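Here is the structure we will look at.
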Amino acid sequence: MNKIVETSFDIIFSAGEARTECEKALNALEEFDFKEAEDCMKKAHDHIVKAHTLHTEIIQQNMDSMEGQPYYMIFAHAQDTLMTINSEILIAKHLLKISKALISKIESLEIE
């Protein structure tokens, strides 16, 4: 199998694992289980970093010889998957921070 095609599948797999962990984190956040949400977000981060590293390696390996290279639809799909899931993770990180801040504020109001 072609190296770009093989790596594209690895990117899609790693990004998919990141999405799964991100979804678990959001489910935990719905239950205000911040510890579980943070643990899942850490796993999501690790998977998306792996996917991004694989993507960067392919780009760097082919930078000098891109002209005349065949276009691989699966690599385009891998790039799209990587960027979409990266955006989901960024939003989930912000939701986690916002939720923790709101809970903290509510708890401080209850003490007063």
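The values are calculated or read from the model by the stated rules, or taken from the named source; none is laboratory data. All of these numbers come straight from a predicted model, not from anything done at the bench. Using ideal geometry, Cβ is built from the backbone for each residue, glycine included, and neighbour counts are taken over all protein chains shown.
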- Quick one: which of Glu36, Glu57, Glu30 is closer than 25 Å to Ile4 by Cα, surrounded by fewer than 16 Cβ atoms within 10 Å (Cβ to Cβ) and of a type outside the set (S, T, N, Q)? Glu57
- Selection count, segment 7-21, where residues are closer than 9 Å to Phe75 by Cα and among the charged types (D, E, K, R): 0
- Note on the structure: Selection over segment 16-46 where residues are outside any helix (DSSP H, G or I) and in contact (Cβ under 8 Å) with a residue 40 or more places away in the chain yields a count of 1
- The listed residue being aromatic (Phe, Trp, Tyr) and touching a residue at least 40 places away in the same chain (Cβ under 8 Å), out of Phe13, Phe9: Phe9
- Query: Out of Ala78, Ala92, which single residue is closer than 27 Å to Lys24 by Cα and touching a Phe, Trp or Tyr at 6+ places or on another chain (Cβ under 9 Å)?
  - Reply: Ala78
- Filter result for Gln69 (farther than 27 Å from Glu23 by Cβ, assigned to a helix (DSSP H, G or I) and either at pLDDT below 90 or out of contact with any Gly (no Cβ under 8 Å at 6 or more places or on another chain) (or both)): no
- Give the residue that is surrounded by the most Cβ atoms within 10 Å (Cβ to Cβ), with candidates limited to residues of segment 89-112 that are under 22 Å from Glu21 (Cα atoms) and basic (Lys, Arg). Lys93
- Message: Within segment 64-75, does at least one residue satisfy the condition of being acidic (Asp, Glu) and over 12 Å from the mean Cα position of the chain (by Cα)?
- Response: yes
- Query: So which of Ile89, Ile103 ends up being touching a Lys or Arg at 6+ places or on another chain (Cβ under 9 Å), among the β-branched types (Val, Ile, Thr) and touching a residue at least 24 places away in the same chain (Cβ under 8 Å)?
  - Reply: Ile89
- Message: Please verify whether Glu30 is under 15 Å from Leu90 (Cα atoms) and among the acidic types (Asp, Glu), treating the condition exactly as stated.
- Response: no
